[in-house]
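Undergrad: Structure below; questions to follow.
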Amino acid sequence: MYAIIQSGGRQVRVDPGTIVTLDHMTVEPGQEVTFDRVLLVEKDGGQVLTGAPYVADARVVGVVSGESRGPKI
């Protein structure tokens with residue numbers, strides 16, 4: 001199972017239990033964040049749900065683990 005969400009102008013593939021890096025989040029570490037802009041959901045049985053532009057009644061919930069900064073340029 002995986003989903004493709006839109007966050008900060010980017011499309012990100014998210015899988016259960018994985019860590020993803022997102023830009024410009026104003027949420028404190030340890031708090032839950034919900035993404036309502038789900039573009040695609042692939043279920044375990046191989047069924048694919050696509051949205052126009054978003055999948056109806058689909059949400060992705062995650063927990064913020066921390067913040068980091070990229071390399072100084």
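Undergrad: List the residues, sorted by chain then number, that are 5 or more residues from residue 7 or on another chain and whose placed amide H is less than 5 Å from its amide H.
TA: 12
Undergrad: Kirkwood hydrodynamic radius for segment 14-56: how many Å is it when counted over pairs of different Cα atoms? Before the final figure, lay out the partial values.
TA: Numbers: mean 1/r = 0.0793 Å⁻¹.
Evaluated on segment 14-56, it is 12.6 Å.
Undergrad: Which one, 50, 34, 71, is farthest towards the positive end of the dipole of the chain when Lys and Arg carry +1 and Asp and Glu -1 on their Cβ?
TA: Going by the charge dipole, the pick is 71.
Undergrad: Now, a different point. Bin by bin, in steps of 5 Å, what percent of the Cα pairs in the chain do you find, going until the bin that has the longest distance?
TA: Taking every Cα pair in the chain, the percentages come to 3, 14, 25, 24, 16, 9, 5, 2, 1.
Undergrad: Related question: Please compute the modelled spin-label separation between residue 57 and residue 37, points set 7 Å along Cα→Cβ, answer in nm with one decimal.
TA: 2.4
Undergrad: Skip the ligands, DNA and RNA, and give the accessible area per residue of the chain with a 1.4 Å probe, whole Å².
TA: Details: 5940 Å² over 73 residues.
Ligands and nucleic acids excluded, the figure is 81 Å² per residue.
Undergrad: If you don't mind, another one. Net charge near residue 51: determine it from the other residues with C-beta under 13 Å of the C-beta of residue 51, scoring Lys and Arg +1 and Asp and Glu -1. Intermediate results must be reported in sequence, preceding the final value.
TA: Values: positive: 37, 59; negative: 36, 42, 57.
So the environment of residue 51 carries a net charge of -1.
Undergrad: If packing is taken as the average number of other Cβ atoms within 10 Å across a peptide's residues, how do 56-68, 35-47, 2-14 rank, most packed first? Each step should come with its number before you reach the end.
TA: Values: 56-68: 11.2, 35-47: 13.5, 2-14: 15.0.
With the highest mean Cβ count within 10 Å placed first, the list reads 2-14, 35-47, 56-68.
Undergrad: Another question about this same structure. Could you work out how far apart the two model spin labels at residue 50 and residue 27 are, taking each label as a point 7 Å from the Cα in the direction of the beta carbon, and quote it in nm?
TA: 2.7
Undergrad: What is the dipole size for the chain, taken about its Cα centre, with +1 at each Lys and Arg Cβ and -1 at each Asp and Glu Cβ, in debye to the nearest 20?
TA: On the way: 7 positive and 9 negative charges, 57 e Å.
Result for the chain is approximately 280 debye, rounded to the nearest 20.
The values are calculated or read from the model by the stated rules, or taken from the named source; none is laboratory data. For clarity, every value in this text was computed on a predicted model and none was experimentally measured. Neighbour counts run over all protein chains shown; Cβ positions are idealised from the backbone, glycine included. Side chains included, ligands, DNA and RNA excluded: accessible areas come from the protein's heavy atoms. Shrake-Rupley method; radii C 1.70, N 1.55, O 1.52, S 1.80 Å.
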